[in-house]
Amino acid sequence: MTVYLTEKAAFRLRSFIRANADETTPEKGVRVAAVDGGCSGFEYALDIVDRPETDDLIYEQDKVKIYLDRQSAPFLNGIVIDFVESLTQAGFTFENPNATESCGCGKSFSVADCTPEAVPCS
């Protein structure tokens, strides 16, 4: 199971992590997960955390500690996380090879028959 960060995404995540880090949180990193929600069934979740959960899969790329939720791992294997910045939008984007459908907003997705019931985007 693997999560890939583009150079821009890694830079932004390092910035967020450093802004919230101190000597007491050497394990601070980003937790990646797929959670129930969104108009396609799952939503992507990126959270800055002090340490991994006990069952998280642990990676490091470009000096960013990545904690992948084990239950989400089959849905997110091979995902590429990027950061885009333009006149009309700024934020993280997700290129998920496992997604069978994606929402127009790019924040939610479905995976074959494993997706919970969809709800409208807010």
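The values are calculated or read from the model by the stated rules, or taken from the named source; none is laboratory data. What you see is a predicted model; the values in this text were computed from it and never measured. With ideal geometry, Cβ positions are generated from the backbone for all residues, glycine too; neighbour counts draw on all protein chains shown.
From Glu95, Glu60, which residue is over 15 Å from Arg31 (Cα atoms) and either among the acidic types (Asp, Glu) or at pLDDT 95 or above (or both)?
Numbers: Glu60 fails: over 15 Å from Arg31 (Cα atoms).
One residue alone meets the criteria, Glu95.
Go through Val80, Val35, Val64 for me and flag whichever is of a type in the set (Val, Ile, Thr) and touching a helix residue (DSSP H, G or I) at 6+ places or on another chain (Cβ under 8 Å). Full working, then the answer.
On the way: Val80 fails: touching a helix residue (DSSP H, G or I) at 6+ places or on another chain (Cβ under 8 Å); Val35 fails: touching a helix residue (DSSP H, G or I) at 6+ places or on another chain (Cβ under 8 Å).
Just a single option satisfies the conditions, and that option is Val64.
Would you mention how many residues in segment 63-103 are of a type in the set (A, V, I, L, M) and in a loop (DSSP other than H, G, I, E, B)? I'd like the intermediate steps shown before the answer.
The first filter runs over segment 63-103 and keeps only residues of a type in the set (A, V, I, L, M), leaving 64, 66, 68, 73, 76, 79-81, 84, 87, 90, 99.
From what is left, the residues that are in a loop (DSSP other than H, G, I, E, B) are 87, 99.
Residues flagged as of a type in the set (A, V, I, L, M) and in a loop (DSSP other than H, G, I, E, B) within segment 63-103 amount to 2.
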TODO: Mind counting the residues in segment 15-57 that are surrounded by fewer than 19 Cβ atoms within 10 Å (Cβ to Cβ), part of a loop (DSSP other than H, G, I, E, B) and at negative phi?
DONE: 15
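Would you check if Phe109 is surrounded by 14 or more Cβ atoms within 10 Å (Cβ to Cβ), farther than 22 Å from Lys8 by Cβ and either touching a Ser or Thr at 6+ places or on another chain (Cβ under 6 Å) or at pLDDT below 90 (or both)? Spell out the reasoning first.
On the way: surrounded by 14 or more Cβ atoms within 10 Å (Cβ to Cβ): yes; farther than 22 Å from Lys8 by Cβ: no; either touching a Ser or Thr at 6+ places or on another chain (Cβ under 6 Å) or at pLDDT below 90 (or both): yes.
Against the criterion (surrounded by 14 or more Cβ atoms within 10 Å (Cβ to Cβ), farther than 22 Å from Lys8 by Cβ and either touching a Ser or Thr at 6+ places or on another chain (Cβ under 6 Å) or at pLDDT below 90 (or both)), Phe109 does not qualify.
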Task: Residue selected from segment 1-13 under the condition surrounded by 16 or more Cβ atoms within 10 Å (Cβ to Cβ) and not hydroxyl-bearing (Ser, Thr, Tyr), by the criterion nearest to Phe83 (Cα to Cα) - done: Ala9
